[in-house]
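Input: a single structure, listed below in structure tokens.
The values are calculated or read from the model by the stated rules, or taken from the named source; none is laboratory data. Not measured: the values here are computed from a predicted model. Backbone-built Cβ (ideal geometry, glycine too); neighbour counts: all protein chains shown.
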Ligand code: SAH
């Protein structure tokens, strides 16, 4: 059965104000079923029920972390599974969604990479993660403040579906979000970054998982680095900035003894010269068998200080949800505490 959420708002069934009501039920009220759409005629509801699925998932399980973030494990009709993370930071609700089941990028320090690639998610399966969280949490999907494409998968390798999902986020009749509150994180694919820059009316925030300023280290931890050299990625980042006017974020997972040397902080500062950027240092989230460990606090601070001294805007992003297996790079496993997650 086709998924309603895969449709563009202009293609939603029903005519005129009934279509408007349907869109409001889905995106403003967050109705979890057609039956709940009480101001639609019973016949229309029954027909929708017969023709479309509203919930993309056959099962939704939640795992709560002690810091308040919640990992959602979704089972798709083909039995494949993927995850989203809800972070209820005070008044700014944030959701991190997946764009794929698994991931082909195979970053050496990421648990999702280790599980390999399953399949691309459809636009409705991507946006459906947000709706499912809102159904479970009991808030309107419109209350969502920040959305990050930073879950499982490489969004620029599922380009069309991710862009369609992003457009639904911004569409005034769908989620109506500000483009300033939507961030796409990529392993660094220059072609995809340029394509994204050229999208009409999109201009969402771009985060690039750089993780190393020198080619040798980057190729060791990110195999796709062979396809796109650091200089190609940096050139694409500059183009993105020029076209969209947006500051570009660089993500940098701190891996002990691998990419946390001060000479690498200097090299990173050199790379970023002339670019309006921001560096997010992410303490590496551990998982059994990764072969990497997190940079000790004192060294992380020294790396941070060096970047700051060089005039690079930098912050430390402490991942939420570690004890639920919900932190960056831990999305892969069925349950917290299951083999592979250090709780
Ligand atoms: N494929 C996209 C988005 C998914 S990963 C990308 O590569 O950007 C989201 C972020 O978490 C990326 O910056 C990723 O490199 C980082 N990450 C992966 N594993 C991690 C780990 N074990 N600890 C900390 N960050 C990790």
Mind checking which pairs have a first residue in the range 279-299 that is touching a residue at least 60 places away in the same chain (Cβ under 8 Å) and a second that is assigned to a helix (DSSP H, G or I) and within 11 Å of the ligand (Cβ to nearest atom), Cβ under 6 Å, 6 or more apart or different chains?
287/111
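Residue-wise test of (1) in contact with a strand residue (DSSP E or B) (Cβ under 8 Å, 6 or more places away or on another chain); (2) within 11 Å of the ligand (Cβ to nearest atom); (3) in contact (Cβ under 8 Å) with a residue 40 or more places away in the chain.
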site: 117; (1), (2), (3): yes, no, no
site: 141; (1), (2), (3): no, no, yes
site: 146; (1), (2), (3): yes, no, yes
site: 156; (1), (2), (3): yes, yes, yes
site: 169; (1), (2), (3): yes, no, yes
site: 176; (1), (2), (3): no, no, yes
site: 180; (1), (2), (3): yes, no, no
site: 185; (1), (2), (3): yes, yes, yes
Of those in the range 269-310 that are in contact with a helix residue (DSSP H, G or I) (Cβ under 9 Å, 6 or more places away or on another chain) and on the phi > 0 side of the Ramachandran plot, the residue farthest from the ligand (Cβ to nearest atom) is 274
Does residue 53 satisfy the criteria of being surrounded by fewer than 16 Cβ atoms within 10 Å (Cβ to Cβ) and farther than 29 Å from residue 251 by Cα?
no
Within the range 88-104, the count of residues that are assigned to a loop (DSSP other than H, G, I, E, B), more than 13 Å from the ligand (Cβ to nearest atom) and touching a residue at least 24 places away in the same chain (Cβ under 8 Å) comes to 1
Would you check if residue 250 is within 16 Å of the ligand (Cβ to nearest atom), on the phi < 0 side of the Ramachandran plot, assigned to a loop (DSSP other than H, G, I, E, B) and surrounded by 16 or more Cβ atoms within 10 Å (Cβ to Cβ)?
no
If you scan the range 33-47, which residues turn out to be surrounded by 16 or more Cβ atoms within 10 Å (Cβ to Cβ) and closer than 19 Å to residue 129 by Cα?
34
Looking at this structure, is residue 108 within 16 Å of the ligand (Cβ to nearest atom), surrounded by fewer than 18 Cβ atoms within 10 Å (Cβ to Cβ) and outside any strand (DSSP E or B)?
yes
Would you confirm whether or not the range 254-264 contains a residue that is modelled with pLDDT of 95 or more, within 11 Å of the ligand (Cβ to nearest atom), in contact with a strand residue (DSSP E or B) (Cβ under 9 Å, 6 or more places away or on another chain) and not in a helix (DSSP H, G or I)?
yes
Sole miss for residue 133 among (1) within 26 Å of residue 276 (Cα to Cα); (2) modelled with pLDDT of 95 or more; (3) more than 12 Å from the ligand (Cβ to nearest atom) is condition (1)
